[in-house]
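The values are calculated or read from the model by the stated rules, or taken from the named source; none is laboratory data. Remember, it's a predicted structure, so these values are computed and weren't measured experimentally. Note that each Cβ is placed from the backbone with ideal geometry, even for glycine, and that neighbours are counted across all protein chains shown. Ligands, DNA and RNA are excluded from the accessible area calculation, which covers all protein heavy atoms including side chains. Shrake-Rupley method; radii C 1.70, N 1.55, O 1.52, S 1.80 Å.
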Amino acid sequence: MPRDLILGTAGHIDHGKTALVKALTGIDTDRLPEEKARGITIDIGFAFLDLGDFRLGIVDVPGHERFIKNMLAGATGIDLVVLIVAADDSVMPQTREHLEILKLLRLKYGVIALTKADLVDATTLEVAELEIRELVNGSFLQEAPIIATSAKTGLGIVELKSAIRGICERIAAKESTEWFRLPIDRAFSVAGHGTVVTGSIVSGSVSIEQELEWHKGTGESEIVRVRGLNQHGQSVPEIHRGQRGAINLAGIPLETVHRGQELAKLGYLKPSRVLTVRLLALDSAKRAIKHRLPCRLHLGTAEVLASVSILDRDAIDPGDWALAQLFLDSPVTAVWGQPFVLRDSSAERTLGGGQVLQPTATKLRRRHVEHLDHAEKLWSDDAEVRATAFAWFAEFHGFQPDDFVREVGIEPDGVAAVAERLKMSGVIVELELPPHRKLSIHAGRLAELGERILAALGGLHNEFPLFTSHERAKVVGLLDYVGDKALLQATIERMIREKKLVGDAKRIARADFKPKLSANQRKLKDKIVEEHRVAGFAPPEPKSFAPQAAGNAKALDDIFEVACAEGFLVRITNEIFLHADTDIEMRSKLVSAFATQPGLTVAEIRDLLGTTRKFAIPICEYLDRAGITRREGDLRSPI
Ligand SMILES: Nc1nc2c(ncn2[C@@H]2O[C@H](COP(=O)(O)OP(=O)(O)O)[C@@H](O)[C@H]2O)c(=O)[nH]1
Ligand SMILES: [Mg+2]
């Protein structure tokens, strides 16, 4: 099976990139009428080169400084580059800028073509070669072959092909367990078929009839069906990484599709307006990247206005790097480790670039030691260290192990093993949430959540020291910023199992909370309450229970206090308590009586309640205190 790879061109305008692609492939990549008329490349163009063992999708880019944004869209997803330098012009500004961009994009492979060799003598050719060697010194092209070519005479074309083949052999084959992802670089309409999008497939594969998630660059996405696939003009059943592919989408209007959007496996990518990044200020830019600098982010085929927040300092000096966040005007879809380029807001120069550390970040606090500590771990070589830091940043939201693919840079088939190891070592905990949901959470975050639950409950215990327990719903309500109610309930269950809490499905208490009453005292309380219920408006004297209180008078006071706090009894005086039901009955009787008679004497109230004078006077005073009645002379009237 031949291998598919994507080759890009790079180099200054007019150095012969398009002519060289034509000499290699016979294809003219300048397809726009304006390009034909002006003889310059404006947007990226595409060709195909079959080398037998390798099939190369070619992206020819514009060299003009005004079209760097198009060059950036084209450079996304390429496996190797042919850096083109014209022998008669040698190294020029966009030769340098394109090389800087490719370095920022972490490209590893390429060859150099010294074009227009037919126009110069041997000495000039040699000088140009020396200048190129100096330029690429220390870069990924340091050892790259330099092939003198001429699109006019055919000089060096065969040699260039064999040099390209040599490079292709060095590019390690990738196991395709990755998920599908295609940053869209072009969209057009084909009569009878509808909307077609193209791009360099950066990972995975897709077949006809499969569903993909179309990320619109607005933060929204939509599931679309692959109606047809095309590669270099041929219908194919499947396309994969390393290919330039065209995808015919079912039922999507052309005007809604554009460069910068992405197609990906369902659930793989998530739009975000904040990225945490490792940001390098280009040495050659000769200017520091300052905190809050407005700039342009180029990520994949997208270009978005951004503002830089440098997390640990106020400026990144040329040649230095730092942890930063990018706040974006509109959302992008990124994955961990994805390279990006920053250009100035007027799109005149490349300022720097780097790699994404948090593709779906939230604002981090600047100079916050703990945040910085964990953010640095996101750049570790060790996937488990990165996964742990990601889990920590997931706070109380938790995550799914599959998020590791996007957020940590772990291949899909490696996710389960990493998650298992982190579970075994106690770094993460997997919770079963009702009805059928699993949520993973950093063990430290779960412990933190436990502390918050204990603190909330502790607050309630302090406020209501007489309550043995509190409603779960009340505790959960105090922690509503956690958002995920099921997570809170599951954490409470866990804490009951761990004996940090006591309780049941309805009520909970801290295990270390000492209720005011002993078990025996609670039993007595139930008895007292019951006797008050039966006694109605002629309640028993509290001290009649003293012998059963198995202690001093204080214990009996506590029992009555708890019974009142729990709402079973109502205190009329320290010697007279009514059952709560009796209290309600009394209030409704008064309401009916007042309906026909605006004022009642103590004697009338006594008869209304069927009690004696001994109780009637304190009850009337209680009614005044409770704001139910008002005393005017001998009469009580409603308020
Ligand atoms: N003599 C000569 N002219 C060339 C060669 N390659 C390109 N050219 C010319 O240089 C000009 C720019 O070439 P083009 O491929 O459009 O450059 P690009 O801007 O890098 O794509 C065109 O007029 C070409 O005909 C070459 O090898 N020899
Ligand atoms: Mg060109």
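Some notes on this structure:
- Residues PHE464 and GLU541, FRET efficiency given R0 of 30 Å [Cβ-Cβ distance, rounded to 0.05]: 0.65
- Debye intensity ratio in log₁₀ form over the Cα atoms of region 248-342, taken at each q of 0.13, 0.17 Å⁻¹: -0.50, -0.76
- Scaled to the globular estimate 2.2 N^0.38 Å, the Cα spread of region 359-489, given as radius of gyration, is 1.21.
- Value of relative contact order over region 360-509, rounded to a whole percent, pairs C-alpha under 8 Å and six or more apart: 18 percent
- Computed Kirkwood radius, in angstrom, where 1/r is averaged over Cα pairs of the chain: 30.4 Å
- Per residue, the average separation of C-alpha pairs within less than 8 Å and at least 6 apart gives the chain a relative contact order of 7 percent.
- Links that overshoot a 30 Å alpha carbon limit, given the list LYS17/LYS286; LYS474/LYS589; LYS108/LYS286; LYS17/LYS270: LYS474/LYS589; LYS17/LYS270
- Inverse mean reciprocal Cα-Cα distance (Kirkwood Rh) of region 27-82, Å: 12.0 Å
- Translational diffusion coefficient (Stokes-Einstein; Kirkwood radius from C-alpha pairs) of region 349-406 at 37 °C, 0.692 mPa s, in µm²/s: 262 µm²/s
- The largest-to-smallest principal axis extents of the Cα set in region 51-160 are 36, 35, 27 Å.
- For region 100-238, dividing the convex hull volume of the Cα atoms by the residue count gives 184 Å³ per residue.
- Each of ASP88 and LEU635 was given a label point 7 Å from its Cα along the Cα-to-Cβ line. The distance between the two points is 11.8 nm.
- For region 478-569, trypsin sites (Lys or Arg not before Pro) meeting the loop criterion (DSSP other than H, G, I, E, B) and having at most 10 other Cβ atoms within 10 Å: LYS499, LYS506.
- Placing dummy labels 7 Å off each Cα toward the beta-carbon, the span from SER346 to ALA37 is 2.8 nm.
- Carbon + sulfur, % of accessible area of region 584-639 - ligands and nucleic acids excluded, 1.4 Å: 56 percent
- Unit Cα scatterers, Debye sum, region 520-639: log10 I(q)/I(0) for q = 0.15 Å⁻¹: -0.67
- Against the compact-protein benchmark of 2.2 N^0.38 Å, the Cα-based radius of gyration of region 398-467 scales to 1.51.
- For region 513-523, putting each phi into the Karplus relation 6.51 cos²θ - 1.76 cosθ + 1.60 with θ = phi - 60° gives couplings of 7, 9, x, 5, 9, 7, 4, 5, 5, 5, 4 Hz, in residue order, rounded to whole numbers and with x for Gly and Pro.
- Alpha-carbon Debye profile of region 176-317, log10 I(q)/I(0) at 0.09, 0.18 Å⁻¹: -0.35, -0.97
- Divided by 2.2 N^0.38 Å, where N counts the residues, the Cα radius of gyration of region 492-531 comes to 1.47.
- With every protein chain in place, region 432-531: carbon and sulfur % of accessible area (1.4 Å): 55 percent
- Under the combined filter of DSSP loop state and at most 16 neighbouring Cβ atoms within 10 Å, region 577-639 retains none of its chymotrypsin sites (Phe, Trp or Tyr not before Pro).
- Taking each DSSP H run with n ≥ 4 as -39500 (n - 2.57) and averaging over every residue of the chain yields -10000 deg cm²/dmol at 222 nm.
- In Hz, Karplus ³J(HN,Hα) per residue of region 233-248 (6.51, -1.76, 1.60; θ = phi - 60°; x = Gly, Pro): x, 10, 5, 9, x, 8, 10, 8, 2, x, 10, 8, x, 10, 10, 8
- Extension gain for ARG165 to GLU448 (0.36 nm times residue separation, less C-alpha to C-alpha distance): 96.3 nm.
- Less than 5 angstrom separates the built amide H of TYR109 from those of VAL81, all sequence-distant by 5 or more or on a different chain.
- Extension gain for the segment ASN574 to ASP624, taken as residue separation times 0.36 nm less the Cα-Cα distance, is 16.3 nm to one decimal.
- Alpha carbon convex hull of region 569-639, projected area averaged over orientations, nm²: 4.3 nm²
- Taken one residue at a time, the phi angles of region 200-216 give Karplus couplings (6.51, -1.76, 1.60, θ = phi - 60°) of 8, 7, 8, 7, x, 8, 8, 10, 4, 6, 6, 9, 10, 9, 9, 8, 8 Hz. Gly and Pro are set to x.
- Comparing Cα centroids, region 578-619 and region 322-384 end up 73 angstrom apart.
- Looking at the chain, the accessible area is 45 square angstrom per residue; that uses a 1.4 Å probe and ignores ligands, DNA and RNA.
- Model label points for LEU254 and ASP118, set 7 angstrom from Cα along the Cα-to-Cβ axis, are 3.8 nm apart.
- Using a Förster distance of 25 Å, the FRET efficiency for LEU266-THR362 (Cβ separation, nearest 0.05): 0.60
- Square roots of five times the Cα gyration tensor eigenvalues for region 188-249, Å: 18, 15, 11
- Estimated translational D of region 288-392 in µm²/s (Stokes, Kirkwood radius over Cα pairs; 10 °C; 1.306 mPa s): 112 µm²/s
- For ARG3, residues with placed amide H under 5 Å, excluding near neighbours: PHE54, ARG55
- Here the extension length gained between GLU238 and ILE584 equals 116.9 nm, from 0.36 nm per residue of separation less the Cα-Cα distance.
- Close amide H partners of ARG349, meaning residues 5 or more places away or on another chain with modelled amide H under 5 Å apart, are ASP344.
- At R0 = 35 Å, FRET efficiency that the Cβ-Cβ distance of SER207 and SER380 yields, to 0.05: 0.45
- Where a label projected 7 Å from the Cα of ARG437 along Cα→Cβ would reach, residues of region 472-509 with amide N under 17 Å: 476-477, 479-494
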